[in-house]
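Asker: Take a look at the following structure, please.
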Amino acid sequence: MSEIAILNKTKYNSRCGNRFFRVASVIKSLVPVFFAAMLMLSCSASRRAAADERAALSAKFGFEITKDDNIKLYRYVSSWIGVRYRTGGTTKSGVDCSGFAGAVYNDVYGKKIHRTVVDIYSEDCRHIRQGNLEEGDLVFFRTDGKNSKTPNHVGVYLKNGKFVHASSSRGVVVNSLEQEYYRKEFIKGGRVK
């Protein structure tokens, strides 16, 4: 091969090589942009799904559930609504009030609490006034007509004066602390230690 042909081939290879490296450099600079765009689309879809879930739960509970609320609590409780009452029960085939409170604390908060209302009240909680209740606190009642400050019923406080519990007549339901019956029978709130 002549020197001119070698020189021309070298210039050609050099030009092609430079173009290749320029194209590769452009592609390399676009990769982070591509992944950032995909991440933003994914995050947008996740935010939309979370907002849709909050809206569905809000409709089910009858009050607004916001991004600041414990969505895991509301999702979990929602799956229990309507489960029938069964004395001594701890599962979705039938549950009593302390069994339900124990399931919530175990599965949502990763905490074990005692099995009976009296033990939960006396051993597991720091007592608080109704005005200081926060999402996830326990609410204690005396529902057997006896004039005593020893509770026999427990529920889990949600928000806006609402709590969820296993009612002996209706199963797992949401009620208001402002309902006359619960207002009269309320003893104290409890924050699990």
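Asker: Extension gain A45-E123, at 0.36 nm per residue separation less the Cα-Cα distance, in nm?
Answerer: Values: separation 78, 0.36 × 78 = 28.08 nm, distance 4.42 nm.
Here the answer is 23.7 nm.
Asker: Moving to a separate point now. According to a simple spin-label model (label point 7 Å from Cα along Cα-to-Cβ), what is the distance in nm between S93 and T143?
Answerer: 2.3
Asker: Stick to Cα atoms and the Kirkwood definition of Rh, then tell me Rg/Rh for the stretch 69-180. The partial results should precede the final answer.
Answerer: Working: Rg = 12.9 Å, Rh = 14.0 Å.
In the stretch 69-180, Rg relative to Rh is 0.92.
Asker: Something else about it: What does the charge add up to near E185, with Lys and Arg as +1, Asp and Glu as -1, over the other residues with Cβ less than 13 Å from its Cβ?
Answerer: Summing Lys and Arg as +1 and Asp and Glu as -1 gives +3.
Asker: I need the shape label for the stretch 89-150. Rule: rounded when a/c is under 1.5, else prolate if a/b > b/c, else oblate, with a, b, c from the alpha carbon gyration tensor.
Answerer: It comes out oblate by the Cα gyration axes.
Asker: May I ask for the equivalent-ellipsoid semi-axes of the stretch 46-96, computed as the square root of five times each C-alpha gyration tensor eigenvalue and listed largest first in whole Å?
Answerer: Numbers: eigenvalues 142, 20, 15 Å².
The three semi-axes for the stretch 46-96 are 27, 10, 9 Å.
Asker: May I ask you to derive the FRET efficiency for D107 and F63 from their Cβ-Cβ distance with R0 = 22 Å, giving the value to the nearest 0.05?
Answerer: E(calc), rounded to 0.05, equals 0.50.
Asker: What pairs in K60/K188; K60/K112; K60/K92; K162/K188; K92/K188; K60/K146 have C-alpha atoms more than 24 Å from each other? Working shown, then result.
Answerer: Numbers: K60/K188 27 Å; K60/K112 28 Å; K60/K92 19 Å; K162/K188 15 Å; K92/K188 27 Å; K60/K146 34 Å.
Result: K60/K188; K60/K112; K92/K188; K60/K146 exceed 24 Å.
Read-outs throughout are calculated quantities, based only on the coordinates presented, and are distinct from any laboratory measurement. Only a predicted model underlies this, so the values are computations on that prediction, with no experimental measurement involved. Cβ atoms come from the backbone with ideal geometry, glycine included; neighbour counts cover every protein chain shown.
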